[in-house]
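Right, one structure below, let's go through it.
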Amino acid sequence: MRLFDTSVLVEQIRKGVFESGALSIITLIEVLRGVPWEKRGRVKRLLEESYEVLGLNNDVILKYCEIYEELKRRGELLPDADLLIAAIAMVYGYTLVTKDLGFKRLEALGIKLELRR
């Protein structure tokens, strides 16, 4: 199963393309904050009906902390939103589909990536 990062989802929306998969709650928030308030509810319902939305739980929180600690040790931190998206993908065993090359830093930690240009 694939988890779409914000960069990929936004591109899909702009092109009018649908691919089956999942979104993290973080991606849902990032997309919705850019939608005018009068359309936000409708867009939210459409996304929730079209994709499985994966949220935060204790396993995700612990995985986030593990990733953060390792990247901090290496001096290679990523933004918290990206770390949460990565943690969700890893906990659920999904392949993260993204255009963001920063996620390559996490391959050594076991994340499955599908990088798009």
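The values are calculated or read from the model by the stated rules, or taken from the named source; none is laboratory data. None of these values were measured; they are calculated from a predicted model. In this analysis, Cβ positions are derived from the backbone assuming ideal geometry, glycine residues included, and neighbour counts consider all displayed protein chains.
Pick out the one residue from Leu56, Leu23 that is among the aliphatic types (A, V, I, L, M), within 11 Å of the chain's Cα centre (by Cα), outside any helix (DSSP H, G or I) and modelled with pLDDT of 95 or more.
Matching residue, one of Leu56, Leu23: Leu23.
Yes or no: Ile85 over 15 Å from Asp5 (Cα atoms) and among the β-branched types (Val, Ile, Thr)?
Spelling it out, it is not the case that Ile85 is over 15 Å from Asp5 (Cα atoms) and among the β-branched types (Val, Ile, Thr).
Among residues belonging to the stretch 8-60 that are of a type in the set (S, T, N, Q) and closer than 15 Å to Leu84 by Cβ, point out the one that is surrounded by the fewest Cβ atoms within 10 Å (Cβ to Cβ).
Among those that are of a type in the set (S, T, N, Q) and closer than 15 Å to Leu84 by Cβ, it is Asn58.
Given the options Leu71, Leu77, Leu83, Leu106, name the one that is surrounded by 12 or more Cβ atoms within 10 Å (Cβ to Cβ), free of Cβ contacts under 8 Å to residues at least 60 places away in the same chain, part of a helix (DSSP H, G or I) and in contact with a Leu (Cβ under 6 Å, 6 or more places away or on another chain).
Leu71
Please go through (1) over 20 Å from Glu114 (Cα atoms); (2) part of a helix (DSSP H, G or I); (3) at pLDDT below 95 for Val10 and return the number of the only condition it doesn't satisfy.
So Val10 meets the others, but not (1).
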